[in-house]
1. State the number of residues belonging to region 115-132 that are out of contact with any helix residue (DSSP H, G or I) (no Cβ under 7 Å at 6 or more places or on another chain) and under 19 Å from Ala183 (Cβ atoms).
2. Test Asp139 against the stated conditions and say whether it is under 21 Å from Phe167 (Cβ atoms), modelled with pLDDT of 95 or more and in a helix (DSSP H, G or I).
3. Go over the candidates Asp67, Asp37, Asp84, Asp74 one by one and state the one that is among the acidic types (Asp, Glu) and under 27 Å from Ser168 (Cα atoms).
4. Filter region 245-299 down to the residues that are outside any helix (DSSP H, G or I), crowded, with 19+ Cβ neighbours inside 10 Å and of a type in the set (Asp, Glu) and list them by number.
5. Please specify each residue of region 172-194 satisfying the condition of being surrounded by 16 or more Cβ atoms within 10 Å (Cβ to Cβ), among the charged types (D, E, K, R) and part of a loop (DSSP other than H, G, I, E, B).
6. When you go through Ala36, Ala30, Ala24 one by one, which is the residue that is at pLDDT 95 or above, of a type in the set (Gly, Ala, Ser), buried (at least 24 other Cβ atoms within 10 Å of the Cβ) and outside any loop (DSSP other than H, G, I, E, B)?
7. Check whether at least one residue in region 53-74 is surrounded by fewer than 24 Cβ atoms within 10 Å (Cβ to Cβ), within 30 Å of Leu291 (Cα to Cα) and not aliphatic (A, V, I, L, M), and report yes or no.
8. Condition (residue is in contact (Cβ under 8 Å) with a residue 24 or more places away in the chain, over 19 Å from Val259 (Cβ atoms), touching a strand residue (DSSP E or B) at 6+ places or on another chain (Cβ under 8 Å) and not aliphatic (A, V, I, L, M)) applied to region 149-167: is it met by at least one residue?
Amino acid sequence: MTTDVSASARPLVYAHRGSSEAFAEHTRAAYLQAIADGADGVECDVHLTRDQHAVLLHDATLDRTSDGTGQVADRTLEELRLLDFSSWKGARIPEAYGAKSEQFLTLPDLLEILRAAGRGIGLAIEFKHPSPYHLGLEDRVLELLRDEGWDPETSMLDNIRISFMSFSPDAVKHLLESAPAGAVCQLVDDVNVADIREELGLGALTGGALANVMKAAQAEAERILDAAETGIAGPGIGYVRAHPGTVQRWLGSGRKFRVWTVDAEDEVKLCRELGIHEITTNCPARVLSQLMADSQPLR
């Protein structure tokens, strides 16, 4: 089922890694703030620890968002809980949002927070690849969700509407074996060779080889969306701007659209004009305020 975004409706707003403009991404404070901001849903990234716990981190390494170093997959959950995942942001955490030692979250921790929201709320889970556990990452998370009471037919868990996302076409195809197509999102973005080399510090040869692999994955992701194999299309805002014809074709097929990461006023305006169904943003309060103002009737 698709969402009809008309002049009176507004896109649903998902908080990207929580309200990550205000607090460190993926922390308890960021998600509690997203609920307080009125976000319709939240987004998270998952990795597996060495002892197979699903934890909320974007990067495969600890260096950027903690005082630790090395691979997430090399650490146990107990070891990760000893690290500081919030101080790097430099934001003071209100007492009501928990102590510094309580900011790191597992997926079950986030489910507990969302259950306590007191309203229906969406949860978009992104699977990060490449993973040392390959598709075992998806299998472990689905197992965890079933144990928590997730209904695979409706993709509901109590008051939580769960959807799944990945840039990896293999992960998406695997998810479609267990979850309804309407709850699976194929993420897509353009591959920029120079950006990949700079971000990962790779040489020309290695960077080019990786870019070729990523371009092949992008082509397969676009094929999946052309064939309407998933119910949700997940392009980045840059992709939306660069490929207006493709976006219009996918929208015309009745696909639900979830666009990331939409923070600027002109980006929000563009999504509203196109009839995008869901916006993922680092600043849900500000985006909601703009959408509400745009929805007001002219006087």
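The values are calculated or read from the model by the stated rules, or taken from the named source; none is laboratory data. Treat the numbers as computed from the prediction; the structure is a model and nothing was measured. No Cβ is skipped: glycine too gets one built from the backbone with ideal geometry, and neighbour counts run over all protein chains shown.
1. 6
2. yes
3. Asp74
4. Answer for region 245-299, where residues must be outside any helix (DSSP H, G or I), crowded, with 19+ Cβ neighbours inside 10 Å and of a type in the set (Asp, Glu): just Glu278.
5. Answer for region 172-194, where residues must be surrounded by 16 or more Cβ atoms within 10 Å (Cβ to Cβ), among the charged types (D, E, K, R) and part of a loop (DSSP other than H, G, I, E, B): just Asp189.
6. Ala30
7. Checked region 53-74: at least one residue is surrounded by fewer than 24 Cβ atoms within 10 Å (Cβ to Cβ), within 30 Å of Leu291 (Cα to Cα) and not aliphatic (A, V, I, L, M).
8. Yes: region 149-167 contains one or more residues that are in contact (Cβ under 8 Å) with a residue 24 or more places away in the chain, over 19 Å from Val259 (Cβ atoms), touching a strand residue (DSSP E or B) at 6+ places or on another chain (Cβ under 8 Å) and not aliphatic (A, V, I, L, M).
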